[in-house]
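What follows is a single structure, written as structure tokens, with notes after it.
The values are calculated or read from the model by the stated rules, or taken from the named source; none is laboratory data. Just so it is clear, the model here is predicted, and its values are computed rather than measured. With ideal geometry, Cβ positions are generated from the backbone for all residues, glycine too; neighbour counts draw on all protein chains shown.
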Amino acid sequence: MRHHPQLIPPSSAPHVSGCRSVRELDYVPGPDLIEAAQLRRLASTVLAKSPDDLAALAETNPVLVAEWIDAFRRERLAAEAEARYWSAAAAALATSTPETLRRAAE
């Protein structure tokens, strides 16, 4: 599971909506947050390209394409691990009973 550092307390976090530049934010996003945003934009761009465009890119720059594939794979693995984490937490709550919760609090 990826953990993004908490940059400022949630109660004082700025509401970020729409397209605000980093200069407009009250904080500087961490490198992993920037990388995730860049990967998301890259994936969106890749998905908008035609198969012919992607084939031409792979032919002209196979090393770059291999790096992108690896980055997308790492992101997918991290997302799957995070999904398993949240599923386990939800399952733990769903299978608990009020009696179990009361004993745990004692």
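Could you count how many residues in the range 59-92 are touching a residue at least 12 places away in the same chain (Cβ under 8 Å) and acidic (Asp, Glu)?
Final tally of qualifying residues: 2.
When the residues of the range 29-62 are filtered to those that are among the β-branched types (Val, Ile, Thr) and surrounded by 12 or more Cβ atoms within 10 Å (Cβ to Cβ), which remaining residue is farthest from residue 75 (Cα to Cα)? Steps first, please.
Let us first name the residues in the range 29-62 that are among the β-branched types (Val, Ile, Thr), namely 34, 45-46, 60.
Next cut, surrounded by 12 or more Cβ atoms within 10 Å (Cβ to Cβ) only: 34, 46.
Working: 34: 13, 46: 15 Å.
The qualifying residue farthest from residue 75 (Cα to Cα) is 46.
For the range 34-47, check the following and say yes or no: at least one residue is modelled with pLDDT under 75 and in a helix (DSSP H, G or I). Working first, answer last.
We begin by selecting, within the range 34-47, every residue modelled with pLDDT under 75; these are 34.
Subset that is in a helix (DSSP H, G or I): 34.
The answer is yes; a qualifying residue exists.
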